[in-house]
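What follows is a short report on a single structure.
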């Protein structure tokens, strides 16, 4: 057995999260070829299925919907699910209860948050007219921020994250930043950038899609104004499960949503013609919550019982360090280059490797049971979910990657 | 057996939709007291569970998510679900394929549609600055229309539907109307009102929440511009199942969404910084679709195989006529008054009865297995879903209503 395989075994033996693995559905034969269990490194796209979810969803469908029907809105806790599940997510992002609601897609929540931020900024200074957005971000954030800017009479200014402190100023109405870049896996310095935006008197919106459930965020500690995040990556909520919106407690009574649906009304069943926003985080709700997906997410969040996000972060860094070490040992120099920063303080929970034939390489990796994903034009993206991945998985993934790369020298991709 | 019970039996015997009842989960013991099957008259709030749904959802969770994971986005048809399911709804609202996408809540779709309508109107005349909204409508439509008006620099003007033809004019940028009123069950004259709005050169948005699946709509035939609707009422998609957006084919290349998320991009996986909208109905998509709820809806729509919405309408009118006849026979004159128009051309698929102690009456009706709902301040609301209700149900509901009303003379409500 190679030295790295021995190391992997030792690391797995010392892993205090190892028991959590049994709370997920993993290693089905369909993941890999010829009886070898697969290695799922795409939890940063769609988290694996928590074992508690199927029975919960079956109960929601057959009993809550099929038998109790509308009574479940009150008796079954459907109506309060958005804020109840928000409170369950809160400790994972360092937020006290009462500041998060779950519902709608990430894109829709980005719209609420950016428009809400601009309106908050203008309460202090109506002349603020510029929305800054991370130029390297996941595109939907840029598209939605452009719409939010257009609809509030602002100019959209794309900047690289390192230029934010120099770019913010008295014209800044809102800044939208991605905590971890979807492509490179780079982690931004949230405390420093938040402080820089605040020094210019503007609110900041953080997109936590690639950090929630993977590393500590500290929303309350760092005074973040608004944040959004998705729940189907490191929170394992299921395909397209609802996103969330955080509005800091002291801003809630001034949060002015561009989507004031009846679920955000102070008296939703009053059916009153005048809109009067609910107090608290509920103000971020819009329409009828998507119960099947929302309650699947609630069941998925039970895997966090007895686990702190700090433990997850420690293991995440150990996993990505070990993956880089295995890649360095197995893959010939220069065949791939690492896009993800080496410094722990700048790394999320994924490793992005660049190689010219990445699309072809990923197809063949997947055929051999190592599932990551390809991002245009030349990125192999591997996500590491500490709750269900072990060090032996990581070693195997690097080994199979080296084998696939050895078969396909750069330039030979069909 | 009373004359009405005999009539009910005859009508059920002649019902050509009677076999559809077996495709739903009904009559659980939890619906009624002491062994009497319940009568579910709240399908206009949450449709009953179609029998095909539980197994489909179990497969989506355990196999598509749990085993195939991200592969299901392509191999399992997840990615194309919004437009595929839209095409399944299309014939129910008289629309050719390629004009409907499913996703987001009704409120979010109202926002897309009203903003989109204003922008379409302004391509013809940039000075149009007034949004007309049905003053009697479900409140969320008014709240969201107010936000859409505010964010496009328009004034919101609430009008009663009968005043629309006189109120539209050269300032009109968009008109939002509810096809069937959620409270009274009144059906508006869609062809006439659409023509009146068009005569003023403006686009109209129809909210079909209480008509889709209950009666023919004729979107294409009547030249409707945009429409939205929900899927958890007469389409039985499940609690909070995704809503839909219709954009008429010839308007799609000019439809300018206020929520241009990455799912509406011409090349969503290009991850390009510039937004370029997809052609066709896809332009109405926003973020990652909510797969669990969406595929539950797809299974629920299978009950429409072999059924036309015209058949459903014929039975719906027969059911509500028969209910009114039974109420007239069983309930003493003056104890309740009917809020729903008697004329078939003005009636949706519900009956709203007014009585001063409606809240208390509904609580006791539900305790006896007849499930409708209460709408503030004095409305008993009964929805009639022809696919799973029979005439004997209707007779029993009226009989139990009369018994409950006899126990509680008006003014005695506790």
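The values are calculated or read from the model by the stated rules, or taken from the named source; none is laboratory data. Bear in mind that the values here come from a model prediction, so they are computed numbers and not experimental data. All Cβ positions, glycine included, derive from the backbone under ideal geometry; neighbour counts span all protein chains shown.
Keeping to region A:288-306, report how many residues are more than 11 Å from every other protein chain (Cβ to nearest Cβ), in contact (Cβ under 8 Å) with a residue 60 or more places away in the chain and more than 18 Å from the chain's Cα centre (by Cα).
Qualifying residue count, region A:288-306: 0.
Among the residues of region B:345-373, count how many are closer than 22 Å to residue B:207 by Cα, touching a helix residue (DSSP H, G or I) at 6+ places or on another chain (Cβ under 7 Å) and surrounded by fewer than 24 Cβ atoms within 10 Å (Cβ to Cβ).
Matching residues across region B:345-373 total 2.
Might you let me know whether region B:39-53 holds any residue that is modelled with pLDDT of 95 or more, assigned to a helix (DSSP H, G or I) and facing chain A (nearest Cβ under 9 Å)?
For region B:39-53, residues modelled with pLDDT of 95 or more, assigned to a helix (DSSP H, G or I) and facing chain A (nearest Cβ under 9 Å): present.
Kindly indicate whether any position in region B:334-344 is away from chain A (no Cβ under 14 Å), in contact with a helix residue (DSSP H, G or I) (Cβ under 9 Å, 6 or more places away or on another chain), surrounded by fewer than 15 Cβ atoms within 10 Å (Cβ to Cβ) and over 30 Å from residue B:52 (Cα atoms).
Taking every residue of region B:334-344 in turn, at least one turns out to be away from chain A (no Cβ under 14 Å), in contact with a helix residue (DSSP H, G or I) (Cβ under 9 Å, 6 or more places away or on another chain), surrounded by fewer than 15 Cβ atoms within 10 Å (Cβ to Cβ) and over 30 Å from residue B:52 (Cα atoms).
For region B:267-287, give me each residue that is more than 30 Å from the chain's Cα centre (by Cα), more than 7 Å from chain A (Cβ to nearest Cβ) and surrounded by fewer than 16 Cβ atoms within 10 Å (Cβ to Cβ).
Selection gives B:267, B:274, B:276.
Right, residue A:198: at pLDDT 95 or above and crowded, with 24+ Cβ neighbours inside 10 Å or not?
Working: at pLDDT 95 or above: yes; crowded, with 24+ Cβ neighbours inside 10 Å: no.
Taking the combined requirement at face value, the residue does not satisfy it.
Pick from A:95, A:127: which is closer than 19 Å to residue A:213 by Cβ and in a loop (DSSP other than H, G, I, E, B)? Show your work before the answer.
Values: A:127 fails: closer than 19 Å to residue A:213 by Cβ.
The conditions single out A:95.
Give the residue that is nearest to residue B:61 (Cα to Cα), with candidates limited to residues of region A:212-242 that are within 14 Å of chain B (Cβ to nearest Cβ) and in contact with a strand residue (DSSP E or B) (Cβ under 6 Å, 6 or more places away or on another chain).
Only one residue tops the list, namely A:236.
Among the candidates A:319, A:339, single out the residue that is in the same structural domain as residue A:390 (by TED's automatic domain parsing) and in contact with a strand residue (DSSP E or B) (Cβ under 6 Å, 6 or more places away or on another chain).
A:339
Could you tell me whether residue B:84 is within 13 Å of chain A (Cβ to nearest Cβ), assigned to a helix (DSSP H, G or I) and either farther than 30 Å from residue A:265 by Cβ or out of contact with any helix residue (DSSP H, G or I) (no Cβ under 7 Å at 6 or more places or on another chain) (or both)?
It is false that residue B:84 is within 13 Å of chain A (Cβ to nearest Cβ), assigned to a helix (DSSP H, G or I) and either farther than 30 Å from residue A:265 by Cβ or out of contact with any helix residue (DSSP H, G or I) (no Cβ under 7 Å at 6 or more places or on another chain) (or both).
When residues of region B:142-164 are filtered for being closer than 20 Å to residue B:124 by Cβ and away from every other protein chain (no Cβ under 14 Å), how many remain?
Here the count works out to 2.
Can residue B:14 be described as over 25 Å from residue B:301 (Cβ atoms), over 25 Å from the mean Cα position of the chain (by Cα) and at pLDDT below 95? Let's see the steps before the verdict.
Working: over 25 Å from residue B:301 (Cβ atoms): yes; over 25 Å from the mean Cα position of the chain (by Cα): yes; at pLDDT below 95: no.
Considered against the rule, which asks whether it is over 25 Å from residue B:301 (Cβ atoms), over 25 Å from the mean Cα position of the chain (by Cα) and at pLDDT below 95, residue B:14 comes out as no.
Please specify each residue of region B:60-78 satisfying the condition of being within 30 Å of the chain's Cα centre (by Cα) and at the interface with chain A (Cβ under 10 Å from one of its Cβ atoms).
B:60, B:61, B:64, B:65, B:72, B:73, B:76, B:78, listed by residue number.
All but one of (1) touching a residue at least 60 places away in the same chain (Cβ under 8 Å); (2) surrounded by 24 or more Cβ atoms within 10 Å (Cβ to Cβ); (3) farther than 26 Å from residue A:192 by Cα hold for residue A:383, so report the exception by its number.
Unmet for residue A:383, out of (1) touching a residue at least 60 places away in the same chain (Cβ under 8 Å); (2) surrounded by 24 or more Cβ atoms within 10 Å (Cβ to Cβ); (3) farther than 26 Å from residue A:192 by Cα: (3).
State whether one or more residues within region B:53-64 are more than 21 Å from residue B:302 (Cα to Cα), out of contact with any helix residue (DSSP H, G or I) (no Cβ under 7 Å at 6 or more places or on another chain) and outside the structural domain of residue B:244 (by TED's automatic domain parsing).
no
Which residue is farthest from residue B:198 (Cα to Cα), if the candidates are limited to region B:96-111 and must be more than 10 Å from chain A (Cβ to nearest Cβ) and surrounded by 24 or more Cβ atoms within 10 Å (Cβ to Cβ)? Don't jump to the end; show me each part of the working.
Filtering region B:96-111 down to residues more than 10 Å from chain A (Cβ to nearest Cβ) leaves B:96-102.
This time we only want the ones that are surrounded by 24 or more Cβ atoms within 10 Å (Cβ to Cβ), so: B:99-102.
Details: B:99: 20, B:100: 21, B:101: 24, B:102: 26 Å.
Only one residue tops the list, namely B:102.
What residue, among those in region A:315-333 that are free of Cβ contacts under 8 Å to residues at least 40 places away in the same chain and outside any loop (DSSP other than H, G, I, E, B), is surrounded by the fewest Cβ atoms within 10 Å (Cβ to Cβ)?
Going through region A:315-333, the residues free of Cβ contacts under 8 Å to residues at least 40 places away in the same chain turn out to be A:317, A:321, A:324, A:328, A:333.
With outside any loop (DSSP other than H, G, I, E, B) added as a condition, the list becomes A:317, A:321, A:324, A:328.
Numbers: A:317: 16, A:321: 15, A:324: 18, A:328: 11.
That would be A:328.
Go through (1) in contact (Cβ under 8 Å) with a residue 24 or more places away in the chain; (2) part of a helix (DSSP H, G or I); (3) at the interface with chain A (Cβ under 8 Å from one of its Cβ atoms) and name the single condition residue B:258 misses.
(2)
Report the residue count in region B:118-136 for those that are under 23 Å from the mean Cα position of the chain (by Cα), surrounded by 21 or more Cβ atoms within 10 Å (Cβ to Cβ) and within 14 Å of another protein chain (Cβ to nearest Cβ).
Going through region B:118-136 one residue at a time, the tally reaches 2.
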